[in-house]
Amino acid sequence: MSAAEEVVAEGHERVEAVPKRAMTLGTTTSLVVLAALLIVPVFAKNFIIFQITMLLIYGLAVLALNILTGGSGQFSLGQSAFYAVGAYTAAVLMEQFNVNYALTLPIAGVICFGFGYLFGKPALRLSGVYLALATFALATAMPQLLKLNFLEHWTGGVQGLVVTKPDAPFGLKVSQDTWLYYFTLAVTVAIYIFSVNLLRSRSGRAFMAIRDNEIAASSMGVNVALYKTLAFGVSAGITGVSGALGAIAVQFVAPDSYTITLAISLFLGMVVGGVGWLPGSFVGAAFIIFVPNIAESISKGLSGAVFGVLLFLVIFLVPHGARQVAIVSQQLLGKLRK
């Protein structure tokens, strides 16, 4: 093994601070949740199916941010921009060019990968809060860019575009919501498996080594510039696929749907789920989807304040998010077995 590979492997070992038993718990939990998700449409109403579909979509976006921040240590507040590009790519292709909805996903992923990779090039000189500010600027500018006059013919300008929800193929007798739910679930599982394998691969270990100690990784031969821009590209690509799915599910895209608020929500979901723990991405997505509704049910006039209090309690009680809950649960189970 070369010196560079040794450093990358050591970085991987340090990052994997969660005990193997906790990771086993995460795998088991993922399988149980997947089995439950497969039977949800049998018992749930269309509105619940739609909400869980959006949970999966936002979970993908949070997972993409987790790869970037939890994997390579780069902070981004601009994921809403990549989400918007993916959403508009799918909407324009479907409504303006009659492209099949399934084909819009890889196209959106490739376009956003290129967008993220190119953005990551100049961002190489930035780190920490400065990189966060650069991505913040991107997220702030994107809604205004989508309103430009010369793009209005394609994007619909301020009014946006209405997207036609696809029917089930092959004459399957299932509703549109149910079919889109299973389609989204299949895409989510595929991207989740890809992401897990990516972080376990040599490239993933390089990401983690850079996150742990960029200078040490560089001095031992890791191409820091390549892997940092690659992490940006992969994260943007997955976010783009998520945005495309979101456009199809919501059936509408408009510039004001992809403001900095969405980027902050995705970042919040990553923190609540546990930075660097991929299963937690969907826990974080559930938080940003359902907790605001819970806060509004408690007090419609003070829903923002209630949400803030609930968020404070979560951060105070479990500062490391759902990842910490998984570790504690595994430890308790181990004691009970003894």
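The values are calculated or read from the model by the stated rules, or taken from the named source; none is laboratory data. On a predicted model such as this, the values are computed, not experimentally measured, just so you know. Please note: Cβ atoms are built from the backbone with ideal geometry, for glycine as well, and neighbour counts cover all protein chains shown. To get the accessible areas, we keep the full protein, side chains included, count just its heavy atoms, and leave off ligands, DNA and RNA. Shrake-Rupley method; radii C 1.70, N 1.55, O 1.52, S 1.80 Å.
Things worth noting here:
- Of everything in the stretch 286-336 that is of a type in the set (D, E, K, R) and over 27 Å from Gly276 (Cβ atoms), the residue that is least open to solvent (accessible area, probe 1.4 Å) is Glu296.
- Of residues in the stretch 218-241 being among the hydrophobic types (A, V, I, L, M, F, W, C) and crowded, with 24+ Cβ neighbours inside 10 Å, the one nearest to the chain's Cα centre (by Cα): Ile238
- Selection status of Val283, free of Cβ contacts under 8 Å to residues at least 60 places away in the same chain, under 11 Å from Val62 (Cβ atoms), open to solvent by 50 Å² or more (accessible area, probe 1.4 Å) and assigned to a helix (DSSP H, G or I): yes
- Checking every residue in the stretch 108-130 against the condition of being touching a Pro at 6+ places or on another chain (Cβ under 6 Å), open to solvent by less than 50 Å² (accessible area, probe 1.4 Å) and part of a helix (DSSP H, G or I) gives zero matches.
- Among the candidates Leu161, Leu199, the residue that is open to solvent by less than 60 Å² (accessible area, probe 1.4 Å), in contact (Cβ under 8 Å) with a residue 24 or more places away in the chain and over 17 Å from the mean Cα position of the chain (by Cα) is uniquely Leu161.
- Subset of the stretch 242-266 that is open to solvent by less than 20 Å² (accessible area, probe 1.4 Å) and within 11 Å of the chain's Cα centre (by Cα) - its residue that is nearest to Leu185 (Cα to Cα): Ser242
- Within the stretch 164-195, being of a type in the set (Asp, Glu) and within 23 Å of the chain's Cα centre (by Cα) holds for one residue alone: Asp177.
- The stretch 159-181: number of residues that are in contact with a Lys or Arg (Cβ under 6 Å, 6 or more places away or on another chain) and among the aliphatic types (A, V, I, L, M): 0
- Pairs, first assigned to a helix (DSSP H, G or I) in the stretch 249-264, second open to solvent by 10 Å² or more (accessible area, probe 1.4 Å) and of a type in the set (Lys, Arg), C-beta under 7 Å, six or more apart: Pro255/Lys147
A quick yes/no check of all residues on (1) in a helix (DSSP H, G or I); (2) surrounded by fewer than 18 Cβ atoms within 10 Å (Cβ to Cβ):
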site	(1), (2)
Gly70	yes, no
Ala81	yes, no
Tyr88	yes, no
Glu95	yes, yes
Asn98	no, yes
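- Unique match (being within 22 Å of Ile193 (Cα to Cα) and modelled with pLDDT under 90) among Gly304, Gly269, Gly280, Gly284: Gly280
- Among all positions in the stretch 39-47, there is at least one residue which is open to solvent by less than 50 Å² (accessible area, probe 1.4 Å), in a helix (DSSP H, G or I), more than 17 Å from Ala285 (Cα to Cα) and not β-branched (Val, Ile, Thr).
- Gly156 meets each of the listed conditions (1) within 26 Å of Val283 (Cα to Cα); (2) small (Gly, Ala, Ser); (3) more than 21 Å from the chain's Cα centre (by Cα) apart from (1).
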